[in-house]
1. Out of all DSSP beta bridges with both ends in the chain, state the antiparallel percent to the nearest 5.
2. Can you tell me which of 342, 65, 288 moves the most in a GNM of the chain? Springs connect C-alpha atoms under 10 Å apart.
3. Would you mind counting up the charge near residue 109? Only other residues with Cβ under 9 Å from its Cβ, with Lys and Arg at +1 and Asp and Glu at -1.
4. To the nearest 20 Debye, how big is the dipole of the stretch 230-340 about its Cα centre, given +1 on the beta carbon of each Lys and Arg and -1 on that of each Asp and Glu?
5. Most mobile of 230, 170, 206 per a Gaussian network model of the chain (Cα springs, under 10 Å)?
6. What residues qualify as long-range amide H neighbours of residue 98, i.e. H under 5 Å apart, gap of 5 or more or another chain, H built at 1.01 Å from N?
7. Between residue 253 and residue 39, with labels modelled 7 Å along Cα→Cβ, what's the label distance in nm to one decimal, could you check?
8. Rank these residues by their accessible area, most exposed first, probe 1.4 Å: 146, 338, 331.
Amino acid sequence: MRSIPFGCPILGDEERNAVMEVLRGHVLTHGPRVKEFEEVFAKFTGANYAVATASCTAALHLSYSYVDLGPGDEVIVPAETHVAAAHAVELFGAKPVFVDSEKLTGNVDVEEVETVITDRTKALSIVHYLGMPVDMNRVGAIAKKYGLFVVEDCALALGAYFNGVHCGLQGDVGCFSFYPVKHITTGEGGMVITKHKNVAEKVAKQRAFGIDQNVVSKRKIPGMYDVEMQGSNYRLNEIAAAIGIEQMKRVGDFLRKRRENFELLGERLRSIDEVELLQTSHGEFQSSYYCLPMILKEPLHTKRTEIMELLVQNGIGMSIYYPKPVPHMAYYKSKYDYRDNSFPVAARLSSNSIALPVGPHVQAEDMLYVVDKIKDAIARVKR
Ligand SMILES: *Cc1c(COP(=O)(O)O)cnc(C)c1O
């Protein structure tokens, strides 16, 4: 039987040797590899500035610190997303205001965004759902009209472009994740990219306690430094950065393989009447193909668990993006008193979809196998 995990980092001798090279020295943090990783990431995305962080959640937290988010402030957040997007707002005592998805792409319904803006709204959290870019022209127009700071959550959008510009650069900041199942990995890790010098400088300081001079060798008197602002410890270490540098050498191959797998799988799934697929890359919208969500049409959706069980029995890894809309998760639901029937488009994605693997660890023949097993499973549950 085949075994096709949903996500699987691709690590080779290059990554292992790079890690050993770090361990042969003594510089484990504040070193040259983080700097190099930032440089190659900035070059790949076309960013003016890139600042490596301990995770995407840390990157989001640092981004909101820039605008001094606080109690009484509101940030507009998509309902159908990773909980980190909302948690990053809650950390400041500010309030995430959720917006439903649009049916076509699963991305935030930009038209609805404007209807929930108040004079307390300080920022927009824009998440490119499963790597499919949001229309940043429309987001930009709203941000400009109301003077809002735009944080792009690009955790699944490495290699995604809108209008030929890499995601994360049309808003004020873009935040990336290098968790193991993302497009590249450093174990844990993240990155902030921005076109604004002042944002990059503040993020870099706050990532390291708000200290004015972090590089020990540059301090005139050993141990002497000042603290200019509030801050945290959200640094990436040299071991992680060494892995990231190697992963960035292969990111083009990773992305190509994802696109090929996605296109092959999507083309075959389109012939199955019982399922529907979201809109993917076209024109100025270029996806990074994190996974392929297959949406079970009604009434087949009631059999999702059985279908997933049959696929698991055949060695196929899957996931659900996301198990519930964030405002239906217990913490947010009870805190803000959301109803079960709110956010219907997001809720349908949560209850009807199955996320299928398309990562570079998957081969073309695996994709055909997945399609066969899906057809078998649907036939069986309909019997
Ligand atoms: C994975 C993910 C995050 C969190 O990233 P970490 O690096 O684990 O903090 C945030 N947002 C989205 C959309 C994600 O997929």
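The values are calculated or read from the model by the stated rules, or taken from the named source; none is laboratory data. Since this is a predicted model, take the numbers as computed values, not measurements. In this analysis, Cβ positions are derived from the backbone assuming ideal geometry, glycine residues included, and neighbour counts consider all displayed protein chains. What goes into the accessible areas is simple: the full protein's heavy atoms, side chains included, and nothing from ligands, DNA or RNA. Shrake-Rupley method; radii C 1.70, N 1.55, O 1.52, S 1.80 Å.
1. Details: 25 of 42 bridges.
Antiparallel: roughly 60 percent of the beta bridges in the chain.
2. Sorting by GNM fluctuation, first place goes to 342.
3. Values: positive: 103; negative: 100, 102, 111, 112.
With Lys, Arg at +1 and Asp, Glu at -1, the net is -3.
4. Working: 16 positive and 15 negative charges, 66 e Å.
So the dipole magnitude of the stretch 230-340 works out to roughly 320 debye.
5. Judging by the Gaussian network model, the answer is 230.
6. The list, which skips near neighbours in sequence, is 77.
7. 2.3 nm
8. Working: 146 90, 338 45, 331 110 Å².
From most exposed to least exposed: 331, 146, 338.
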